[in-house]
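Note sheet for the following structure.
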Amino acid sequence: MKEDPDADTSFESDEVLKLAPGSLAVSGIDKILTVKELIDSIINGAEDILKSGVFAGIRG
């Protein structure tokens, strides 16, 4: 698509958010995880907390 050189390129951020309230959040997504990857990530994170946090040494 070719841009119009005479088009106004200034914008108000409040107006943009009214038009597309959730679209700016997409810029923070860098990877889409599968369910398995998400669960593995949560489990690994929990294990890391247990190994290094206040619970280190307490295992059932």
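The values are calculated or read from the model by the stated rules, or taken from the named source; none is laboratory data. This one's a predicted model, so the numbers in the text were calculated from it and none came from an experiment. Every residue, glycine among them, receives a Cβ derived from its backbone with ideal geometry; neighbour counts consider all protein chains shown.
Name, by its number, the condition in (1) modelled with pLDDT of 75 or more; (2) in contact with a helix residue (DSSP H, G or I) (Cβ under 9 Å, 6 or more places away or on another chain); (3) part of a helix (DSSP H, G or I); (4) not β-branched (V, I, T) that does not hold for L17.
Among (1) modelled with pLDDT of 75 or more; (2) in contact with a helix residue (DSSP H, G or I) (Cβ under 9 Å, 6 or more places away or on another chain); (3) part of a helix (DSSP H, G or I); (4) not β-branched (V, I, T), the lone unmet condition for L17 is (1).
Here is a yes/no grid of residues against (1) surrounded by fewer than 10 Cβ atoms within 10 Å (Cβ to Cβ); (2) at pLDDT 70 or above:
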| residue | (1), (2) |
| --- | --- |
| S10 | yes, yes |
| K31 | yes, yes |
| I39 | no, yes |
| I42 | no, yes |
| E47 | no, yes |
| V54 | yes, yes |
| G60 | yes, no |
